[in-house]
1. So for region 13-20 (the condition being within 22 Å of the chain's Cα centre (by Cα) and more than 22 Å from residue 210 (Cα to Cα)), does at least one residue qualify?
2. Being of a type outside the set (Asp, Glu), in a loop (DSSP other than H, G, I, E, B) and modelled with pLDDT of 90 or more is the filter here; which residues of region 38-62 pass it?
3. Which condition from (1) more than 17 Å from residue 189 (Cα to Cα); (2) outside any loop (DSSP other than H, G, I, E, B); (3) not small (Gly, Ala, Ser) is the one that residue 85 breaks?
4. So the check is Cβ under 7 Å with 6+ separation or different chains; which pairs have a first residue in region 497-517 that's assigned by TED's automatic domain parsing to the domain that holds residue 296 and modelled with pLDDT under 90 and a second one that's among the basic types (Lys, Arg) and surrounded by fewer than 16 Cβ atoms within 10 Å (Cβ to Cβ)?
5. Pull out all pairs, ordered by first then second residue, where Cβ-Cβ is under 8 Å, the residues are six or more apart or on different chains, the first lies in region 1-20 and is over 18 Å from residue 72 (Cα atoms), and the second is buried (at least 16 other Cβ atoms within 10 Å of the Cβ) and small (Gly, Ala, Ser).
6. Go through region 209-266 and report how many residues are among the charged types (D, E, K, R) and more than 26 Å from the chain's Cα centre (by Cα).
7. Do we have any residue at all in region 228-237 that's of a type in the set (Val, Ile, Thr) and closer than 30 Å to residue 160 by Cβ?
8. Identify all residues within region 334-386 that are among the small types (Gly, Ala, Ser) and under 23 Å from the mean Cα position of the chain (by Cα); write none if there are none.
Amino acid sequence: MKNELLKMENITKVYPSGIVANDGVDFSIREGEIHAICGENGAGKSTLMKILFGLHTPEEGTIALKGEEIHITSPTVAIEYGIGMVHQHFMLVPSLTVAENMVLGVEPKKGLFLNMNKAIEITRKLSEKYNLHVDPKAKVEDIPVGIKQKVEILKALLRGAKILILDEPTAVLTPQETKELFNQLKLLRDKGHTIIFISHKLNEVKELCDRITVMRNGKIMGVYNTGDVTEEDISRLMVGRDVVLRVEKDKAIPKETILNVNNLMYVNEVGKKALKGISFSVRKGEILGVAGVEGNGQKELVESITGLELPTSGSIKIDDNEIIGKSIKEIRRIGTSHISEDRMTYGVAGDLSIENNIISNKYDTEQFNGRLILKSKKIKQKAKDLVKQYKVKCNSPDQKVRMLSGGNIQKVVVAREFSGNPKLIIANQPTRGIDVGATEFIRKRLVELRDEDSAILLISADLNEVMELSDSLIVVYDGEIVAYFEDTTKITEEELGLYMLGIKKQTPEEIRRVSYA
């Protein structure tokens, strides 16, 4: 048995709101293992890792490294002890090169200035040592997501990390990039590094990790060898009940076209063509999925349809209404709902109550607006009903949204967007970063809305999700549709990954079938 490397004992963290995030948690890792932490959002796993990396200070508890107690008061101190963290959202400067990002804060100097040649040499040598090949001279804004992931890992290794905390590292990777990352993580383990792997993808946990710690409601539910537990066992420990991991749905019966996008072009502020003449339709009673590596036009597509951005040219019709040039409010009034990929920026107002957030798209309707004053009783009842229906864990609908866990914040968003019989739902990364319980609930509700005749455009970096939920599927690469699949059961994740990477492309005739109008 490998030696115990690090031990956290009786870790207790209570937030100012009174929420107990960690309740007497004991957690340990062995030298040279890949150890998974799983749990619902709000289970306490992120808080525990932020304590280990010095971002939070616990009320109680101790941390020991190789048997000696240590005090981690900041990320700088954590790095001094050989603990590094790769965050889910990359901490890179897009306008700088890979080498410049690598040495940021530890720059080799030539006089008063950065020694660029030395930075390039450091990056190249380290990437060769760990088989994490990157181009030191490439600008970060021009490299794929998978390479950015490597740069983040190399940054931590350059600063001496022997313990690596990886937070949802495969969230935006293709199957091919995930496989490559796993090979590299195993090589790191074989070189003596210890890896803590936080993930909601239980199949990946099973494939990669040696052991798993499961958390629920701020407590440890158990530590297991991954070979001794099934995905269903892990889900049950996380949620406290059986969870349906697969999406159960009948075959779609599509009806008339609701969304029709025709020859859509978008040129961004630096003159890059983000969308290159995209055309497709979504019909009532179907879920059309959009797969692709992030940064290939999905963001611009969603923002054009929802009114957040004005496309350069083309046409977007919702229920036969041309919506280019219309306000967000006008587009919503047609019957459009939007789940944003960034729930804290566009999805909710964090400092407002659940109640205010839930009626923020309806407060001026006759149902809730009495001309002079709002109908407070009806608003409170509506919020109470939706909190109950969508199983939002909270003290009351008056609670600030910011105080909820990620999964419950997302439930507030979907409660607002799914209520009111929407004609068209734009669901952009609807389950990103949330737990299996909330994910199961949201996926099931999307299928129910499809069966109630909503047209749904689903954009997801989770290939399992986009393949299981979608009735038909398009793949975008470099601002273009490169593939269309009328039946998602006839394609594998690996084949889909080839299209996402631009290695394979369908003919224009095959792709043209996606337009029904």
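The values are calculated or read from the model by the stated rules, or taken from the named source; none is laboratory data. This is a predicted model, so every value here is computed, not measured. For neighbour counting, all protein chains shown are included, and Cβ atoms are generated from backbone atoms with ideal geometry for every residue, glycine included.
1. Restricting attention to region 13-20, the residues satisfying the condition of being within 22 Å of the chain's Cα centre (by Cα) are none.
No, every residue in region 13-20 fails to be within 22 Å of the chain's Cα centre (by Cα) and more than 22 Å from residue 210 (Cα to Cα).
2. So in region 38-62, the residues of a type outside the set (Asp, Glu) come out as 38-39, 41-58, 61-62.
Going one step further and asking which of them are in a loop (DSSP other than H, G, I, E, B), we end up with 41-44, 53-58.
Selection gives 53, 54, 55, 56, 57, 58.
3. Here residue 85 meets the rest and fails (1).
4. Once the first residue is assigned by TED's automatic domain parsing to the domain that holds residue 296 and modelled with pLDDT under 90 and sits in region 497-517, no partner that is among the basic types (Lys, Arg) and surrounded by fewer than 16 Cβ atoms within 10 Å (Cβ to Cβ) comes close enough.
5. Between residues of region 1-20 that are over 18 Å from residue 72 (Cα atoms) and residues that are buried (at least 16 other Cβ atoms within 10 Å of the Cβ) and small (Gly, Ala, Ser), the close pairs are 2/32; 15/21; 20/218.
6. Initially, region 209-266 is screened for residues among the charged types (D, E, K, R), giving 210-211, 216, 219, 228, 231-233, 236, 241-242, 246, 248-251, 255-256.
Pick out the ones that are also more than 26 Å from the chain's Cα centre (by Cα) and you get 228, 250-251, 255-256.
Qualifying residue count for the region: 5.
7. Initially, region 228-237 is screened for residues of a type in the set (Val, Ile, Thr), giving 229-230, 234.
Imposing the further condition that a residue be closer than 30 Å to residue 160 by Cβ reduces the set to none.
No, region 228-237 contains no residue that is of a type in the set (Val, Ile, Thr) and closer than 30 Å to residue 160 by Cβ.
8. Within region 334-386, the subset among the small types (Gly, Ala, Ser) is 335, 337, 340, 347, 349-350, 353, 360, 370, 376, 383.
337, 340, 347, 349, 350 - these are the residues of region 334-386 that are among the small types (Gly, Ala, Ser) and under 23 Å from the mean Cα position of the chain (by Cα).
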